[in-house]
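Dumping the structure here so I can ask a few things about it.
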Amino acid sequence: MLNWLYSLSIIALSVFLYGVLNDRKLSRLPPAAEALSPVRFTPQGVLAAAAALSEAPIAIHDFLPPKTGRRYIVVGGTGFVGGWIVLQLLQRGEDPKRIRILDIRAPTRPDLRTGAAQQVAFFQVDISDEKAVSKAFKAPWPDAAATEREPETTVFHTAANIRFYERLLALLPLSTKVNHHGTLNVISSSKEIGASTLIYTSSGSVAVRRSRFWLWPWEKEPQFFVQVLNDDDKLTPKHHNHFFSNYAASKALGEKAVRTADRSPSGQSRTLRTGCIRPGNGSFGPGGDILCGAYLVRKYNPHWVKRILQSFIYVENCALAHLCYEQRLMELERGSSNPDIGGQAFIVTDAGPPPTYGDVHTALTTLDNETVFPVFPATFMLGISHIIELICSTKALLSTSKSSFGRIVANMIPTISGDTVNLQPSLFALTSVHLIFDDSRARLPPNQGGLGYNGPYTTLQGLCKTAEEHLKADRNGEERSKAGGISFGRFSRRVNNVQKKVREQLRVEAVNSLN
């Protein structure tokens, strides 16, 4: 009996020591990463930035390309990035009657339900339905009778199913249904109506390499612990198990389809020019993000990534990049001598050094004292994530089994509901590595092959604006924000209520709508 207890104690101590040592390795800020961003946020600096922004607000209108008078179809236009593209089109003077939104849900954001945005036509469409997409694209425009010459049409495709927590190849179809096949439907319908420009919202995560976080005692850090990423296609993984998750793999397929469609015939006499924007990993801001805004909505945010350094992009910067790419392609249509950048992908991010997650936490807790970030041990949470993945994946695979016995077993497996489903190993592969995105090519002037992108917000300024808008809304966040992150039960009931509401209204799984 004593020998058994002694052995058990040795095992428990070994596991504990392994966890402590592994945590230290996973929480390191290596010199190679720190050198790229050596200065951390402080509460004093955050308050100073917020005060400066309040006294001299940034006018995004001053950075927008000029009005075009085109027709616009924004796929995913009630969502986060898509919604901001719609708002920026209106800000620069585009006719709301020449803007059309396709999305699976009607607008819920206040800024899309007031002012000129109320005049923007909405078509409720699941983009995985080819016929529905085609019908919405071909629907008559309200100004058609008064138009002497058919205007050019630009399509912004921002819709996506963000199932970032899945990585098994067998579950890939759950992501490709929207992110690849839906994109093919958008491309096809764009050609049917003779659209001349298609800009696709890809993801910086398509180039993120999957890492391993169960380290051997002699290993100092995970492989690919520091990743400096640019637009080089050679950096994009070539095998499924190299992508951080199914989301990235499916977005890479969608991006490839859009890029391949560049210079293809469109309509009876036009040519479709295409391009892709890769937001530098974390897109955030007012309007329903699943990152920083979600932190504010949840308030209680367990974390283990304080010293992880990553690039972020504020949403108004991100939307601006899409309009910059459209302008560059329009100039090429008019015979510009600038380098032809059609069919390419450009990373975009905020200006300045990237912050750590700890910097973001400092900013948000300073600006909203109800938001907290309790620290959890990384290795312990990694172990929990594998258990959750096993439960979710087994249930998903058995649910589609041809065997009735398999489906019966699937029904017996508990459903991981709420935001807990986000805690799977793929979350670590995205948030527990240092990701520095280089958008220097996008910032080049057009005559040097760039987008001329110059997003005016730094990440700190974007965080100040996000917190300001959150407080103005009495700390009530958009439904999309309520589906992101992890709260371990403190927020899951609210997430469940949102998911139930979506299922009842749309008769689709909430994840397909909220994302």
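Before I look further, what does segment 25-68 give for accessible area per residue, probe 1.4 Å, in whole square angstrom? Display every interim value, and only then the final one.
Numbers: 2630 Å² over 44 residues.
On a per-residue basis, segment 25-68 sits at 60 Å².
Per residue, what accessible area does segment 406-478 have, given a 1.4 Å probe and all protein chains present, in Å²? List each step's numbers first, then the result.
Working: 2810 Å² over 73 residues.
So segment 406-478 comes to 38 Å² accessible per residue, rounded to a whole number.
Continuing with the same structure: P(r) for segment 9-67: what percent of alpha-carbon pairs falls in each 5 Å bin, starting at zero?
4, 13, 9, 9, 11, 12, 10, 10, 7, 5, 4, 3, 2, 1, 0
Of all the accessible heavy-atom surface of segment 1-77, with the other protein chains kept in place and a 1.4 Å probe, what percent is carbon and sulfur? The partial results should precede the final answer.
Values: 3380 of 4840 Å².
About 70 percent, which is the carbon plus sulfur part of the accessible surface.
Moving on. Where does the longest stretch of the chain lie that holds no GluC sites (Glu not before Pro) found in a DSSP loop with 11 or fewer other Cβ atoms within 10 Å? It would help to have the intermediate numbers written out before the result.
On the way: sites that count: Glu148, Glu370.
Longest stretch, sites excluded: 149-369.
Which of the helices in the chain, when you take each full DSSP H run, stretch at least 27 Å along the axis at their Cα atoms and have an average Kyte-Doolittle score of 1.0 or higher?
378-399
Roll a 1.4 angstrom probe over the protein heavy atoms and tell me the percent of accessible area of segment 377-448 that is carbon or sulfur.
Of all accessible area on segment 377-448, carbon and sulfur atoms account for 69 percent.
Would you mind getting the accessible area per residue of segment 254-314, heavy atoms of the protein chains only, 1.4 Å probe, in Å²? Intermediate values should be presented prior to the final figure.
Numbers: 1830 Å² over 61 residues.
Ligands and nucleic acids excluded, the result is 30 Å² per residue.
OK, next. Only bridges with both residues in the chain count here: give the DSSP antiparallel percent, nearest 5. Provide the component values of the computation, followed by the final result.
Values: 5 of 42 bridges.
Roughly 10 percent of the DSSP beta bridges within the chain come out antiparallel.
Taking only C-alpha pairs under 8 Å that are 6+ residues apart, what is the relative contact order of segment 200-258 in percent? Walk me through the numbers before you get to the answer.
Details: 55 pairs, mean separation 29.1, N = 59.
In percent, rounded to a whole number, it is 49.
Determine the distance separating the Cα centre of segment 384-400 from the Cα centre of segment 227-269; give it in Å without decimals.
So the two Cα centres are separated by 28 Å.
Just from its helices, what would the mean residue ellipticity at 222 nm be for the chain, if runs of 4 or more DSSP H residues each count -39500 (n - 2.57) and the sum is divided by every residue, rounded to the nearest 500 deg cm²/dmol? If you can, show how the numbers build up before the last one.
On the way: 17 runs with 206 residues, N = 515.
The helix contribution divided over the chain gives -12500 deg cm²/dmol.
Taking the dipole about the Cα centre of segment 138-242, with the C-beta of Lys and Arg at +1 and of Asp and Glu at -1, give me whichever of Ser188, Ala139, Leu168 is farthest to the positive side.
Leu168
Quick one: net charge around Thr271, please, counting Lys, Arg +1 and Asp, Glu -1 for every other residue with C-beta under 11 Å from its C-beta.
Details: positive: Lys191, Arg263, Arg270, Arg273; negative: Asp262, Glu333.
Around Thr271, the charge tally is +2.
Next up: Which order do peptides 405-417, 436-448 fall in by mean Cβ count within 10 Å, highest first? Numbers along the way, then the final one.
Working: 405-417: 12.4, 436-448: 18.1.
The densest-packed peptide leads the list: 436-448, 405-417.
Let me ask something else about it. Given Lys97/Lys138; Lys177/Lys238; Lys138/Lys256; Lys138/Lys251, which pairs have Cα atoms separated by over 22 Å? Working shown, then result.
Numbers: Lys97/Lys138 15 Å; Lys177/Lys238 20 Å; Lys138/Lys256 25 Å; Lys138/Lys251 26 Å.
From Lys97/Lys138; Lys177/Lys238; Lys138/Lys256; Lys138/Lys251, over 22 Å: Lys138/Lys256; Lys138/Lys251.
Continuing with this model, one more query. Could you tell me the relative contact order of the chain? Use alpha-carbon pairs under 8 Å, at least six residues apart, and round to a whole percent. Before the final figure, lay out the partial values.
Working: 1021 pairs, mean separation 98.8, N = 515.
Averaging sequence separation for qualifying contacts and normalising by length gives 19 percent for the chain.
For segment 238-367, what class follows from the C-alpha gyration tensor (a ≥ b ≥ c being the square roots of its eigenvalues): rounded when a/c is under 1.5, otherwise prolate if a/b is larger than b/c, else oblate?
prolate
Still on this model: How large, in percent, is the carbon and sulfur part of the accessible surface of segment 86-204 at a probe radius of 1.4 Å? Intermediate values should be presented prior to the final figure.
Working: 2630 of 4930 Å².
Looking at segment 86-204 in its full context, I get 53 percent from C and S.
The values are calculated or read from the model by the stated rules, or taken from the named source; none is laboratory data. Just so it is clear, the structure is predicted and the values come from calculations on it, not from any experiment. Note that each Cβ is placed from the backbone with ideal geometry, even for glycine, and that neighbours are counted across all protein chains shown. Side chains are part of the model used for accessible areas, which takes the heavy atoms of the whole protein and leaves out ligands, DNA and RNA. Shrake-Rupley method; radii C 1.70, N 1.55, O 1.52, S 1.80 Å.
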